[in-house]
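To keep things clear, I will list the structure first and then write my remarks on it.
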Amino acid sequence: MEKPLTEHIRKDGRPLTLKEYEAIGGYQALRKMLKMTPKEVQALVKDSNLRGRGGAGFSTGLKWSFVPQDDTKPKYLITNADEMEPGTFKDRILLECTPHQLIEGMICAAYAIQANISYVYLRWAYKTAAQAILNAIDEAENAGYLGKNILGSGYDLEMHLHTGVGRYMCGEETALLNSLEGKRANPRAKPPFPQVSGLFGRPTIVNNVETLCCLPHIINNGSEWFKKLSLTADAGTKLYGVSGKVKKPGAWELPMGVTLRELIEEHAGGMQDGLKFRGALPGGASTDFLVEQHLDVKMDYTSVAAAGSRLGTGTVVVLDDKTCPVGFVKNLEHFFAQESCGFCTPCREGLPWVEKILTAIDAGEGNSDDIKLLEHHTRYLGPGNTFCAFAPGAMEPLQSALKYFRDDFEKHIHDKKCSYKLIANALIHEAS
């Protein structure tokens, strides 16, 4: 099984130095690419069927093609490394352990759109990653892979690290652009899209860390090789993660299209002793639950969507049968409520209201109208009713919890208590 993104990662997690990265073929894709035209690079990546690994799953090559193909300067290439989705931790591995892989991928993407300035927009808490990236940028500049006249090609690219201040909203690409410009991280109206009018009003591409790390391998090995790595039509490998009460939580690079069952039972070791699988968010906190009937769903963009959810970041958050789904969702909605940028009224007012209702139900203070109120919010905070996709994403775990775990919500309201907490308290008392 080929694992191009992670096969050379050290067991101790230390980042590969430039010499070590070159020894395993690093920057050979850059040399090969500089003999191609930007349009040829775009066509290669488009043919590879590389889809964005940040959550949306949009065709990377197609996204690049929307950038005006003229000599207008400047153009920008930005890495979205603001990994703040609860349950998502895949990009951190690549940032900390293989920073040169990301830098080479960024150079390839920048060349393809003829950008001369690039940024890594990094989550503030990723201190180890920040140092690894800064060191790698310095090494790449000293080796002639960045800066003026890269490897004598006539192509110039400068690269900068920008550390965010810890707002989940900055994961939305237009809010990220506002943040980079020193403004409040509110999303922008679209159109115009960033590919035409992005950072400082100039053509801009924003790509995810994992997406960019795929590029050197596609350029080195070709689009057909990349497509054959997958088990389905959604090409390549994927960094999948699993968290929750499983025996071996972690992240693994696997062929795109492995099943949810294989991820949980084989790679994550199955559920902890005494617990049963009840459901999972397949792609981070802002995706719909999948339940036992979905365990054999292939974890690719098309199949997960057909099952009623989204692959998102491919990082699975597992719900077990001893954890209260009401409390589980309440914690998520608390996060979303406090992270709203407050720009539009439905999101600013609706999410705290949802959290308040869930808190009351969880505390045994809910009433018979609360479920209808929650269902009302899932519709009116849904797609098309808010300025951006933040609130619709926040509603995905809630709307699916009401669908699959409705009995738990009704039992909380009827019994005026959480039976899961009573069981947990009894077990703690017994253990003591």
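The values are calculated or read from the model by the stated rules, or taken from the named source; none is laboratory data. If you're wondering where the values come from, they're calculated on a predicted model, not measured in any experiment. Here the Cβ positions follow ideal geometry from the backbone for every residue, glycine too, while neighbour counts run over all protein chains shown.
Being surrounded by fewer than 24 Cβ atoms within 10 Å (Cβ to Cβ), more than 16 Å from ARG53 (Cβ to Cβ) and not charged (D, E, K, R) is the filter here; which residues of region 200-232 pass it?
PHE200, GLY201, ASN220, ASN221, GLY222, SER223, TRP225, LEU231
Condition first: of a type in the set (Asp, Glu) and buried (at least 17 other Cβ atoms within 10 Å of the Cβ). Now tell me which residues in region 143-174 satisfy that.
GLU172, GLU173
Any residue at all in region 228-239 that's touching a residue at least 60 places away in the same chain (Cβ under 8 Å), assigned to a helix (DSSP H, G or I) and over 21 Å from the mean Cα position of the chain (by Cα)? Reasoning before the result, please.
Here is the first cut: in region 228-239, the residues touching a residue at least 60 places away in the same chain (Cβ under 8 Å) are 229-239.
When the remaining residues are screened for being assigned to a helix (DSSP H, G or I), the result is none.
Within region 228-239, none of the residues are touching a residue at least 60 places away in the same chain (Cβ under 8 Å), assigned to a helix (DSSP H, G or I) and over 21 Å from the mean Cα position of the chain (by Cα).
Would you check if there is a residue in region 108-120 being closer than 30 Å to GLN338 by Cα and in a strand (DSSP E or B)?
Of region 108-120, the ones closer than 30 Å to GLN338 by Cα are 119-120.
Among the residues that remain, those that are also in a strand (DSSP E or B) are: 119-120.
Scanning region 108-120 turns up at least one residue that is closer than 30 Å to GLN338 by Cα and in a strand (DSSP E or B).
Would you kindly identify the helices (runs of 4 or more DSSP H) lying entirely within region 1-87 that contain at least 3 residues that are within 22 Å of the chain's Cα centre (by Cα), touching a residue at least 12 places away in the same chain (Cβ under 8 Å) and surrounded by 19 or more Cβ atoms within 10 Å (Cβ to Cβ)? Outline the logic, then answer.
Details: elements: 18-23, 28-33, 38-48, 60-65.
In region 1-87, the matching helices (runs of 4 or more DSSP H) lie at 60-65.
Considering only region 287-372, give the helices (runs of 4 or more DSSP H) lying wholly within it that have at least 1 residues that are of a type in the set (D, E, K, R) and touching a His at 6+ places or on another chain (Cβ under 7 Å).
Working: elements: 301-306, 325-339, 345-362.
In region 287-372, the matching helices (runs of 4 or more DSSP H) lie at 345-362.
If you check LEU239 against the conditions, is it of a type outside the set (Asp, Glu) and either touching a Ser or Thr at 6+ places or on another chain (Cβ under 6 Å) or modelled with pLDDT under 95 (or both)?
Values: of a type outside the set (Asp, Glu): yes; either touching a Ser or Thr at 6+ places or on another chain (Cβ under 6 Å) or modelled with pLDDT under 95 (or both): no.
So LEU239 does not fit the description; no.
What number of residues within region 91-132 are among the aliphatic types (A, V, I, L, M) and over 20 Å from ARG53 (Cα atoms)? Walk me through how you get there before you give the answer.
Narrowing region 91-132 to residues among the aliphatic types (A, V, I, L, M): 93-95, 102-103, 106-107, 109-110, 112-113, 115, 117, 120, 122, 125, 129-130, 132.
From the residues that got through so far, the ones that are over 20 Å from ARG53 (Cα atoms) too are 115, 117, 125, 130, 132.
Going through region 91-132 one residue at a time, the tally reaches 5.
For ILE205, are the conditions met, namely being at pLDDT 95 or above and farther than 22 Å from THR313 by Cα?
Details: at pLDDT 95 or above: yes; farther than 22 Å from THR313 by Cα: no.
The answer is no for ILE205.
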